[in-house]
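For reference, the structure is listed below as structure tokens.
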Amino acid sequence: MRVQVAIVGGGPAGHLLGQLLHKAGIDAIVIEQRSRDYVLGRIRAGVLEQGTTDLLDELGVGARMHREGLVHGGLSLDFGGAHHRIDLHQLTGGKQVMVYGQTEVTHDLMDARSAAGLKTVYEAEHVSLHDFDGEHPKVRYTQHGINGKEEHEVECDFIAGCDGFHGVSRASVPAGALQTFERIYPFGWLGILADTPPVSHELVYTNHARGFALCSMRSHTRSRYYVQCSLDDKVENWSDEAFWDELRRRLAPDLAENLVTGPSIEKSIAPLLQLCGRAHAFRPAVSGRRCRAYRAAHRCQGPEPGGQRCALPGALLAEFYAGSEAGIDNYSAICLRRVWKAVRFSWWFTSLMHKFPDESGFGPRIQAAELDYLIHSPAASASLAENYVGLPLESW
């Protein structure tokens with residue numbers, strides 16, 4: 001098979017890039033190692049940046065999001081026994097965020113791709129990437145057919161690796177072609193999902209002497225809560241009752257009083273490897289002319305920037321096939337500027353909201369001073385807000 005772009009990974013990033021390329025008239029295939037049902041069964045973050053919602057609308061796949069999603073024009077910072085609202089909408093000139101699960105975004109994109117009759121392969125086994133430095137990169141995989149396992153090869157101009165940190169795309173990059181930078185934080189997040197109404201109509205981020213807490217939601221009737229815990233903690237150490245008691249201790253009195261509890265339907269501890277424990281940024285060396293990749297940092301707080309991640313390669317590939325290679329040739333530099341800004345915000349917000357076990361009284365006092373400045377300074381509040389709703393794409 002011959003296509004212009006082979007997309008490895010059929011999650012939200014891969015399908016969003018596929019829709020962008022389809023709109024630009026670029027022939028692409030999405031290759032996913034798991035089944036469609038498995039991909040749709042994965043639990044994903046549930047808050048989208050303004051740029052992502054705009055992009056979904058532009059691609060014609062935002063109708064269900066607007067029917068079922070929850071628009072948030074602000075967020076609350078909870079500290080010192082009180083909560084303080086940051087008005088995202090006002091501070092950013094009308095921007096906001098949307099509570100709508102990435103799984104639902106993926107479902108909408110899958111449906112649109114299927115309706116358009118575009119090429120998608122699920123349950124692809126033994127996926128491998130070849131000839132990065134040549135004019136004709138290839139993706140090979142096997143799949144069960146009528147006569148058993150069948151081997152397939154896709155020749156293309158570009159391979160887009162959208163299969164995550166542990167995927168085959170990153171593993172296929174030659175040794176030494178990537179520089180990895182990371183920040184490891186000395187705590188984790190204990191999280192539960194419960195079919196209870198949220199304690200607040202907007203997200204609440206709490207800085208407390210006992211540790212960070214986050215009150216989030218998936219809908220008007222399903223809540224997602226987190227409390228900071230130690231790295232060596234175990235889920236089995238936490239009954240539902242113990243979790244609710246600890247969360248209640250960390251909230252401002254009025255919120256604690258309004259908290260509705262119930263049995264958890266999912267409970268887990270993240271060592272902050274994916275949420276905020278390790279902020280990964282890869283600096284790619286050029287590995288041939290046809291394969292360039294980058295990975296945005298995991299943001300410890302705030303919306304998922306995946307849509308914006310895909311918008312850039314989609315635009316640059318469209319520009320390439322229109323006759324200009326200027327953007328593609330500067331892809332890594334453009335991406336890295338954005339990645340490190342995301343890392344900076346993640347590091348700053350993590351440092352501001354969490355209790356660090358090895359700090360003396362200096363650290364908490366600096367946090368208190370920063371929070372006090374943040375809520376009383378329009379400029380500081382605006383800086384948080386513009387990062388939270390998503391920075392605009394840079395020109396190239």
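The values are calculated or read from the model by the stated rules, or taken from the named source; none is laboratory data. This structure is a prediction, so every number in the text was calculated from the model and none was measured. Don't worry about glycine lacking a Cβ; one is built from the backbone with ideal geometry, like all the others, and counts go over all protein chains shown.
Just checking, does segment 361-380 include any residue being surrounded by 13 or more Cβ atoms within 10 Å (Cβ to Cβ), at pLDDT below 95 and not in a helix (DSSP H, G or I)? No: zero hits.
Yes/no matrix, rows are residues, columns are (1) within 19 Å of the chain's Cα centre (by Cα); (2) free of Cβ contacts under 8 Å to residues at least 12 places away in the same chain; (3) more than 25 Å from C229 (Cβ to Cβ):
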{"position": "S324", "(1), (2), (3)": "no, yes, yes"}
{"position": "G327", "(1), (2), (3)": "no, no, yes"}
{"position": "Y331", "(1), (2), (3)": "no, no, yes"}
{"position": "C335", "(1), (2), (3)": "yes, no, yes"}
{"position": "F345", "(1), (2), (3)": "yes, no, no"}
{"position": "D358", "(1), (2), (3)": "no, no, no"}
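Would segment 282-289 turn up any residue that is modelled with pLDDT of 50 or more, of a type outside the set (F, W, Y) and out of contact with any helix residue (DSSP H, G or I) (no Cβ under 6 Å at 6 or more places or on another chain)? Looking through segment 282-289, none of the residues is modelled with pLDDT of 50 or more, of a type outside the set (F, W, Y) and out of contact with any helix residue (DSSP H, G or I) (no Cβ under 6 Å at 6 or more places or on another chain).
The residue that is surrounded by the most Cβ atoms within 10 Å (Cβ to Cβ), counting only those in segment 203-217 that are modelled with pLDDT of 95 or more and among the aliphatic types (A, V, I, L, M), is A213. Taking the listed residues Q143, Q179, the one that is surrounded by 15 or more Cβ atoms within 10 Å (Cβ to Cβ), in the same structural domain as S351 (by TED's automatic domain parsing), closer than 30 Å to G314 by Cα and polar (S, T, N, Q) is Q143, with no other qualifying.
Taken over segment 207-236, residues that are farther than 13 Å from G191 by Cα and without any contact (Cβ under 8 Å) to a residue 24 or more places away in the chain amount to 1.
Could you please find all residues in segment 87-106 being touching a Gly at 6+ places or on another chain (Cβ under 6 Å) and assigned to a strand (DSSP E or B)? Result: M98, V99.
Exactly one residue among A160, A112, A124, A116 is touching a residue at least 12 places away in the same chain (Cβ under 8 Å), under 18 Å from V30 (Cα atoms) and touching an Asp or Glu at 6+ places or on another chain (Cβ under 7 Å), and that residue is A124. Just checking, does segment 107-115 include any residue being assigned to a loop (DSSP other than H, G, I, E, B) and at pLDDT 95 or above? Scanning segment 107-115, I find no residue that is assigned to a loop (DSSP other than H, G, I, E, B) and at pLDDT 95 or above, so the answer is no.
No other residue among S216, S200 is among the hydroxyl-bearing types (S, T, Y) and touching a helix residue (DSSP H, G or I) at 6+ places or on another chain (Cβ under 8 Å) apart from S200.
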